[in-house]
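Enquirer: Quick one: the structure is below, questions incoming.
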Amino acid sequence: MNPQRQKHSLCELLTLVFVILIGSSIRFHALGQDMRFHPDEALFATFARTAAVQGDWLLHGALDKPPLTLYISAAAMRLFGVTTLDDGVLTLEIHAGEFAARVPHVFASILLIACVYAIGKAVYRRQSSARYTAALLVSLSPMAIAFSATIFTDNFLLFFVTLSVWMACWKRWAWAGMWLMAGFWCKQQALLYVPIIVGICWIESNKNKQALINPIIRIIIPVFAGIIMLFLWDGLRGQATSLWDLAVANNQPGRLELIYELQTRIELWARYAGYLIGPGLITTVLGITVIGAFILAWWKQLEGNPKAFNILWIIFISVYVSVHLVAINLYDRYLLLILVPVILLSAHAIEILRVYARRIRNVQVIGWALIMGYMIVTLPTSWEAGDGKLIIGGDQGRHQGIDELGQFLDQQRLGAIIYDPWLSWELGYYIGTWSDKRRVYYPSPELMIRDAIVERDPAPRYFVVPNWENPEPWLSALSSASFSIREVYSEFSFLVYELVPN
């Protein structure tokens, strides 16, 4: 190899390693936080634990997500968390389960940095700095960091669809289909990336319809095979309600938001989106920069401007955001699917400005100043994201202490009855792997009292209350039904009352 080229390749590698190390250090910092599971994480962790400890790999129960992410968490639990009791029974300590389940998600978030770099290298061939900028943006993205040490299915969904985009950019069509199928096995929303993959096929085939057929076929085959396999898997579970029906029911599609609801949803979406690539101000400035840079590139006819890819990213982002005017849940993690297109557009916009500045001033320091300024301003917010202190990400400390609550309840007498109107998924995980307690859910005080007064089991009864809920209607109903109520636990954000029928 030419010595000059070899030196350039080494510099390129070292730069990428440096960027990945920055992102890795913050993500490992996030992994080290003493943070309890978000309710949805607790649900996924419980399914994964059931597979890892009890061998239920068909994940029986009310599951609305495909199983791949849960299998990955279960495998990590088996490797890093599951232990064997003296009688040979497998068990999993709750904190070991938290850590083990999060480990693969952290590494997926780190590998995402390299994937975005590779996509930038494929797309922005003539703007070599854009690939490094893209890697740096995802490395420091508060949105990516906030979800890196969580076990939401969106983490691996994002990783796999990004791998699919990478393979498509390098014309590895079958692999693009395989990774898209893997994303679908994490979460059904992977199919939203089909237009991006098809768009890349169209671009790479030089917009030749005949040349488009073969790539599309090679992509479709593994995708359809994956969909059929998932239907078969769901059928083998033998559940009364399929994961497809539950997914539709839980996301409430089917109507446009009423006008009076739109403002609230847009404001919430904007608050979350402010953390895509930095603190809110930086994300806003970069958004304006993207618009200004592309107008500049069109006006000055700058060479090497990959318009087709940029148009593809813009159309996807616009349609994706618009679709969320439909009455589906607006979770912060849903923005992860537009993270990579937003980063690629931003990186290219910065590169356009850098090239134009060098053309008119013949200096390179402006580009470096922009990057260094971005790092200085964004690093504190990125670190806060790792601390779980932003409005996005996992539980953000709301259920801190639920592990001790679970331990207290698990220490009560065999067969104790626990009335639990509010903490079902979280308490289900934190009460332990082999709990012998009976947790009962009622949606209203009237229904709970109806059954409680005819319950003849002499086992002790407990009523669990988080401090953000109002227990008065429940306690009043219990008093009216002649139950004696005594507070027996008050720690962190949780109360436990012992109920004694008179």
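Enquirer: Can you find, among Gly120, Asn206, Leu427, the residue sitting farthest towards the positive end of the charge dipole of the chain, where Lys and Arg contribute +1 and Asp and Glu -1 at Cβ?
Expert: So the residue we want is Asn206.
Enquirer: Run the accessible area of the chain with a 1.4 Å probe and give the carbon-and-sulfur part as a rounded percent.
Expert: Using a 1.4 Å probe with all protein chains present, the chain comes out at 62 percent carbon and sulfur.
Enquirer: Mind ranking 392-399, 178-185, 475-482, 285-292 by how tightly packed they are, going by the mean number of other C-beta atoms within 10 angstrom, highest first? Don't jump to the answer; show the numbers that get you there.
Expert: Details: 392-399: 20.6, 178-185: 24.9, 475-482: 14.6, 285-292: 16.1.
Ranked from most to least packed, the peptides come out as 178-185, 392-399, 285-292, 475-482.
Enquirer: Loop only by DSSP, 12 or fewer other Cβ within 10 Å of the Cβ. Give me the GluC sites (Glu not before Pro) in the range 394-461 that pass, ordered by residue number. Walk me through the numbers on the way to the answer.
Expert: Numbers: sites: Glu404, Glu426, Glu446, Glu455; in loops: Glu455.
Sites meeting the loop and neighbour criteria: Glu455.
Enquirer: Accessible area per residue, 1.4 Å probe, Å², for the chain: what's the number?
Expert: Values: 23230 Å² over 502 residues.
I get 46 Å² per residue for this part.
Enquirer: Specify whether the C-alpha gyration tensor of the range 368-494 places it in the rounded, prolate or oblate class, a ≥ b ≥ c being the square roots of the eigenvalues: rounded for a/c under 1.5, otherwise prolate if a/b is larger than b/c and oblate if not. List each step's numbers first, then the result.
Expert: Working: a/c = 3.74, a/b = 2.62, b/c = 1.43.
Prolate is the answer for the range 368-494, as a/c is 1.5 or above and a/b outweighs b/c.
Enquirer: Which entry is the computed mean projected area of the Cα convex hull in nm² for this structure: [x] 28.6; [y] 26.5; [z] 24.0?
Expert: From the options [x] 28.6; [y] 26.5; [z] 24.0, the structure gives [x].
Enquirer: Could you tell me whether the range 145-286 comes out rounded, prolate or oblate from its Cα gyration tensor? Rule is a ≥ b ≥ c as square roots of the eigenvalues, rounded for a/c under 1.5, then prolate if a/b exceeds b/c, otherwise oblate.
Expert: Numbers: a/c = 1.80, a/b = 1.18, b/c = 1.53.
Here the range 145-286 falls in the oblate category.
Enquirer: Something else now. Just from its helices, what would the mean residue ellipticity at 222 nm be for the chain, if runs of 4 or more DSSP H residues each count -39500 (n - 2.57) and the sum is divided by every residue, rounded to the nearest 500 deg cm²/dmol? Spell out each step's value before the answer.
Expert: Values: 20 runs with 317 residues, N = 502.
Result for the chain, helices only: -21000 deg cm²/dmol.
Enquirer: Might you report the magnitude of the Cβ-based charge dipole of the range 11-73 about its Cα centre, with Lys and Arg at +1 and Asp and Glu at -1, to the nearest 20 debye? Could the numbers behind the result be given before it?
Expert: Numbers: 4 positive and 6 negative charges, 16 e Å.
Its charge dipole is roughly 80 debye.
Enquirer: Could you tell me the calculated FRET efficiency between Phe28 and Asn206, based on Cβ-Cβ distance and R0 = 35 angstrom, to the nearest 0.05? Mind showing how you got there, number by number?
Expert: Working: r = 44 Å, r/R0 = 1.24.
Step by step, r from the Cβ atoms, then E = 0.20.
Enquirer: While we're looking at this one, here's another question. Please give the net charge around Ile145, taking every other residue with its beta carbon less than 11 angstrom from that of Ile145, where Lys and Arg add +1 and Asp and Glu add -1.
Expert: For residues surrounding Ile145, the net value is -1.
Enquirer: So how long is each side of the range 363-416 along the principal axes, counting just the alpha-carbon atoms, biggest first, in Å?
Expert: 75, 14, 12
Enquirer: Another question about this same structure. For the range 86-245, give the magnitude of the charge dipole about the Cα centre (Cβ charges: +1 Lys/Arg, -1 Asp/Glu; no others), in debye to the nearest 20.
Expert: About 1260 debye.
Enquirer: Sum up the lysine pairs in the chain that clear both bars: alpha-carbon distance under 27 Å and a spacing of 8 or more or different chains.
Expert: 15
Enquirer: Additional query: What is the sum of charges, Lys and Arg at +1 and Asp and Glu at -1, for the other residues whose Cβ falls under 15 Å from the Cβ of Trp434?
Expert: On the way: positive: Arg49, Lys437, Arg438, Arg439; negative: Asp56, Asp86, Asp87, Glu93, Asp410, Asp436.
Net charge around Trp434: -2.
Enquirer: Residues with amide H under 5 Å of Ile418's amide H, sequence separation 5 or more or different chain, H placed in the peptide plane at 1.01 Å from N; which?
Expert: Sorted by chain and number, the residues that satisfy this are Arg438, Arg439, Val440, Tyr462.
Enquirer: Under 19 Å from a point placed 7 Å out from the Cα of Ser444 along the Cα-to-Cβ direction: which residues of the range 477-497 have their backbone N that close?
Expert: 477-481
Enquirer: Quick check on packing: order 95-102, 377-384 by the mean number of other C-beta atoms within 10 Å, highest mean leading. Show your work: numbers first, answer last.
Expert: Numbers: 95-102: 22.1, 377-384: 18.4.
Listed from highest to lowest mean packing, they are 95-102, 377-384.
Enquirer: DSSP loop trypsin sites (Lys or Arg not before Pro) in the range 413-502 with at most 12 other Cβ atoms within 10 Å of their Cβ, which ones? Don't skip to the answer; put the middle values down first.
Expert: Details: sites: Arg413, Lys437, Arg438, Arg439, Arg450, Arg456, Arg461, Arg486; in loops: Arg413, Lys437, Arg456.
For trypsin sites (Lys or Arg not before Pro) across the range 413-502 that sit outside H, G, I, E and B with at most 12 neighbouring Cβ atoms in 10 Å, the list reads Arg413, Arg456.
Enquirer: Rank by packing, highest mean first: peptides 236-245, 75-84, with packing defined as the count of other Cβ atoms within 10 Å averaged across residues.
Expert: Taking the mean over residues of other Cβ atoms within 10 Å, the ranking is 75-84, 236-245.
Enquirer: Extension gain Ala75-Ile217, at 0.36 nm per residue separation less the Cα-Cα distance, in nm?
Expert: Details: separation 142, 0.36 × 142 = 51.12 nm, distance 3.29 nm.
The Ala75-Ile217 span can extend by a further 47.8 nm.
Enquirer: With a point put 7 Å past each Cα toward its Cβ, work out how far Leu325 is from Ala96 in nm, to one decimal.
Expert: Computed distance between label sites Leu325 and Ala96 equals 5.2 nm.
Enquirer: Still on this structure, please answer the following. Which loop chymotrypsin sites (Phe, Trp or Tyr not before Pro) in the range 443-498, with loop taken from DSSP, have no more than 11 other Cβ atoms within 10 angstrom of their Cβ?
Expert: Values: sites: Tyr462, Phe463, Trp468, Trp474, Phe483, Tyr489, Phe492, Phe494, Tyr497; in loops: Trp468, Phe492.
Within the range 443-498, the qualifying chymotrypsin sites (Phe, Trp or Tyr not before Pro) (loop, at most 11 other Cβ atoms within 10 Å) are Trp468.
Enquirer: OK, next. Quick one: putting +1 on the C-beta of Lys and Arg, -1 on the C-beta of Asp and Glu, what dipole do you get for the chain around its Cα centre, in Debye to the nearest 20? Write down the numbers at each step before the final one.
Expert: On the way: 39 positive and 38 negative charges, 642 e Å.
The dipole of the chain has a size of about 3080 debye.
Enquirer: If you take the beta carbon distance between Asp86 and Phe224 as r and set R0 to 56 Å, what does 1/(1 + (r/R0)^6) give as a FRET efficiency, to the nearest 0.05?
Expert: Values: r = 49 Å, r/R0 = 0.88.
With R0 = 56 Å, the Cβ-Cβ based efficiency is 0.70.
Enquirer: What number comes out for the charge environment of Glu41, summing +1 per Lys or Arg and -1 per Asp or Glu over other residues with Cβ under 13 Å away? It would help to have the intermediate numbers written out before the result.
Expert: Values: positive: Arg36, Arg49, Lys65, Arg102, Arg333, Arg398; negative: Asp40, Glu98, Asp154, Asp395, Glu426.
Result for the local shell: +1.
Enquirer: Related question: How many percent of DSSP beta bridges within the chain run antiparallel, rounded to 5?
Expert: Values: 18 of 24 bridges.
Rounded to the nearest five, the antiparallel share is 75 percent.
The values are calculated or read from the model by the stated rules, or taken from the named source; none is laboratory data. Here the structure is a predicted model, which means the values were calculated and not measured. A quick note on method: Cβ atoms are made from the backbone with ideal geometry, for glycine too, and the neighbour counts reach across all protein chains shown. Note: accessible area is taken over every heavy atom of the protein model, side chains too, but ligands, DNA and RNA are not part of it. Shrake-Rupley method; radii C 1.70, N 1.55, O 1.52, S 1.80 Å.
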